[in-house]
Amino acid sequence: MEYNNIIVETRGRVGLITLNRPKALNALNDQLIDEVGHALGGFENDENIGAIVITGSEKAFAAGADIGAMASYSHMDAYKGDYITRNWERLKTCRKPIIAAVAGFALGGGCELAMMCDMIFAADTAKFGQPEIKLGVLPGAGGTQRLPRAIGKAKAMDMCLTARMIDATEAERAGLVARVVPAERLVDEAIEAATVIAGFSLPVVMMIKESVNRAFESSLNEGLLFERRTFHSAFGLDDQKEGMAAFVEKRKPVFKHR
Ligand code: CAA
């Protein structure tokens with residue numbers, strides 16, 4: 001596939017996707033999301049890649065769904081085309097971890113795209129918001145569902161109902177963001193963290209991602225059972241033998257399944 005809206009690179013064992021529609025502040029049209037999905041599929045199938053970073057520009061991670069593209073949609077266009085999440089599924093199904101590295105605006109679908117990733121690193125310039133209400137619509141890619149799970153009902157209501165943007169400090173305090181870093185360090189910090197992850201045993205990384213995500217889909221007891229069974233299955237891995245032997249022998253582990 002030819003990429004016209006993103007840049008796809010690798011840094012060691014990390015796949016890096018840079019959203020690249022600068023004139024529209026990385027507004028998320030179908031082509032861009034299709035390209036992200038295709039690039040994720042490539043990284044997922046590439047055994048030399050252990051983790052993925054998605055970033056935008058200094059000014060905007062993404063300023064939302066493409067308003068120009070959807071402005072004239074009828075209800076039938078939206079419903080029949082399953083707008084907007086139809087082609088966003090690849091983000092949800094990717095089994096390798098994804099870090100969103102956010103600088104500048106992450107608004108509407110941009111905030112929702114970041115929340116679909118496994119964790120968000122924010123530059124000190126980042127601004128998160130769900131301003132769809134100002135356009136006469138509501139968040140349509142998970143904002144009303146993932147935001148309350150991430151930051152609680154009170155702040156989610158505040159953001160969705162008033163369209164107020166929150167800065168990186170408030171986002172970190174609220175639990176939306178894993179780390180806040182100086183803007184000039186953002187991508188490096190995300191790649192460094194992704195490199196650490198990509199150095200661990202890939203099946204264990206995937207088990208952890210799956211188990212943490214279970215916390216949002218199940219009761220506590222069901223989630224604990226899932227975790228315990230998955231934990232038991234880790235004892236079938238060579239990498240468990242290697243990890244524990246290395247600890248006992250006071251050396252660095254060399255994981256086989258990366
Ligand atoms: N869609 C399409 N184009 C967009 C866009 C979007 N979401 N956001 C910005 N752009 C375009 C602008 O139209 C402008 O293009 P032109 O130069 O051709 O006029 C260019 O990007 C630069 O934008 P601004 O001149 O507005 O830049 P600014 O610095 O003055 O303001 C901003 C920045 C506050 C982010 C402002 O652009 C803005 O409010 N954007 C819209 C944010 C928004 O409402 N997002 C939600 C979209 S709906 C959605 O996402 C639904 C969903 O749940 C999936």
- Provide the per-residue ³J(HN,Hα) series for region 142-152, in order, calculated from phi with Karplus coefficients 6.51, -1.76, 1.60 and θ = phi - 60°, each as a whole number of Hz, with x at glycine and proline positions. x, x, 6, 10, 6, 4, x, 5, 7, 10, x
- Query: Along the positive direction of the dipole of region 167-246 (beta-carbon charges: Lys, Arg +1; Asp, Glu -1; about the Cα centre), which of 174, 206, 194 reaches farthest?
  - Reply: 206
- Note, residue 246: beta-carbon cut-off 15 Å, +1 each Lys/Arg, -1 each Asp/Glu, net +2
- Query: Hey, what angle do you get for helix 30-45 against the long axis of the chain, alpha-carbon based, 0 to 90 degrees rounded to 10?
  - Reply: 0
- Estimated inter-spin distance, residue 231 and residue 144, nm [label 7 Å along Cα→Cβ]: 3.8
- Message: Heavy atoms of the protein only, probe of 1.4 Å, neighbouring chains included. What is the accessible area of residue 92 in Å², nearest 10?
- Response: 110
- Note on the structure: If every Lys and Arg gets +1 and every Asp and Glu gets -1 at its Cβ, then about the Cα centre the chain yields a dipole, in debye to the nearest 20, of 560
- Note on the structure: Here the gain from full extension of residue 31 to residue 89, 0.36 nm per residue of separation minus their alpha-carbon distance, amounts to 19.5 nm
- Note on the structure: Computed ³J(HN,Hα) along region 238-245: with the Karplus parameters 6.51/-1.76/1.60, θ = phi - 60°, integer Hz and x for glycine or proline, the list is 4, 5, 5, 4, 5, x, 6, 4
- Return the calculated 222 nm mean residue ellipticity for the chain, to the nearest 500 deg cm²/dmol, obtained by summing -39500 (n - 2.57) across DSSP H runs with n ≥ 4 and dividing by the residue count. -13000 deg cm²/dmol
- Residue-level accessible surface for residue 160, protein heavy atoms, 1.4 Å, Å²: 20
- Query: So what is the accessible area of region 1-119 per residue, in Å², with the probe set to 1.4 Å?
  - Reply: 44
- Task: Provide the gained length on full extension for the span residue 210 to residue 169, in nm with one decimal, where the gain is 0.36 nm per separating residue minus the Cα-Cα distance.
- Result: 11.9 nm
- Which whole-number percent of Cα pairs in region 96-164 have a distance greater than 20 Å? 22
- Of 92/250; 209/250; 59/256, which sit over 30 Å apart, Cα to Cα? 92/250; 59/256
- Task: Under 13 Å from the Cβ of residue 192, count the other residues' Cβ atoms, weight Lys and Arg +1, Asp and Glu -1, and hand me the total.
- Result: +2
- Note on the structure: So, over other residues within a Cβ distance under 9 Å of residue 30, counting Lys, Arg +1 and Asp, Glu -1, the net charge is -1
- Message: If packing is taken as the average number of other Cβ atoms within 10 Å across a peptide's residues, how do 6-17, 143-154 rank, most packed first?
- Response: 6-17, 143-154
- Inter-site label distance for residue 244 and residue 256 at 7 Å from Cα along Cβ, in nm: 1.6
- Note on the structure: Descending packing, highest mean Cβ count within 10 Å first, for 166-175, 40-49 is 166-175, 40-49
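The values are calculated or read from the model by the stated rules, or taken from the named source; none is laboratory data. Because the structure is predicted, anything quoted here is derived from the model rather than measured. A quick note on method: Cβ atoms are made from the backbone with ideal geometry, for glycine too, and the neighbour counts reach across all protein chains shown. Heavy atoms of the whole protein, side chains included, go into the accessibility calculation; ligands, DNA and RNA do not. Shrake-Rupley method; radii C 1.70, N 1.55, O 1.52, S 1.80 Å.
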